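Have a look at the structure below, then the notes.
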Amino acid sequence: MLAIDPAASIAAIAAEAGVDRRTVYRRFASREELLAAIYEARYEAVARAIEDSRLREAPVAVALHRYVEGIIGVNRTWPVELTRLRADETIRERRDSLIREVDAFLERAAAEGLLRADTPVAWASSLLPQLMHLAAQQLPQLSDAQAADMVVDTFLRGLGGR
């Protein structure tokens, strides 16, 4: 609901969930606390997707597909507006830590020849999340794995080693 309307009220959220507004307020003292819990849950899911993909030890192509599939699943499960994720300092620190881990993986992918050596890792790091976001939103008919196939193919054909 918040993905569709980031300004949705607690009353509207409670009604959509089929509970009374007071039920939501018993768990979350404020709208900000509810949003913080949502963002925390999203980052927990992102961290699990990164861990499950085994970016440091799995073969690069396998790890890339696992990572993309996992993040597409996260994007579909937690389709929240991301601007706040960049604005909140605590959230930003966690986000930056996760990005550093993925960037290290992309450096490894470039070093192993999966990505073109002449492409800055920062470019790949900016492009990949956009592709995953688009796949999560615009390819709902595909499973997470099928959408990951499309993203990885697009990513590697554009940035793949020659």
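The values are calculated or read from the model by the stated rules, or taken from the named source; none is laboratory data. Predicted model, so just to flag it, every value in this text is computed and none were measured. Every residue, glycine as well, gets a Cβ built from its backbone with ideal geometry; the counts of neighbours run over all protein chains shown. Side chains included, ligands, DNA and RNA excluded: accessible areas come from the protein's heavy atoms. Shrake-Rupley method; radii C 1.70, N 1.55, O 1.52, S 1.80 Å.
Data overview
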quantity	calculated
Failed item, numbered, when R26 is tested on (1) surrounded by 11 or more Cβ atoms within 10 Å (Cβ to Cβ); (2) among the charged types (D, E, K, R); (3) more than 25 Å from G70 (Cβ to Cβ)	(1)
Subset of the stretch 107-120 that is surrounded by fewer than 14 Cβ atoms within 10 Å (Cβ to Cβ) and not in a helix (DSSP H, G or I) - its residue that is nearest to the chain's Cα centre (by Cα)	P120
Helices (runs of 4 or more DSSP H) contained in the stretch 4-88 and holding at least 3 residues within 30 Å of A110 (Cβ to Cβ) and of a type outside the set (S, T, N, Q)	31-53, 60-77
Selection count where residues are touching a Phe, Trp or Tyr at 6+ places or on another chain (Cβ under 8 Å) and within 15 Å of D103 (Cα to Cα), scope the stretch 125-161	3
Of the criteria (1) surrounded by 14 or more Cβ atoms within 10 Å (Cβ to Cβ); (2) within 17 Å of V60 (Cβ to Cβ), which one A104 fails	(1)
The stretch 121-135: number of residues that are farther than 18 Å from D149 by Cβ, open to solvent by less than 30 Å² (accessible area, probe 1.4 Å) and not small (G, A, S)	1
Residue check for A49: in contact with a Phe, Trp or Tyr (Cβ under 8 Å, 6 or more places away or on another chain) and loosely packed, with under 14 Cβ neighbours inside 10 Å	no
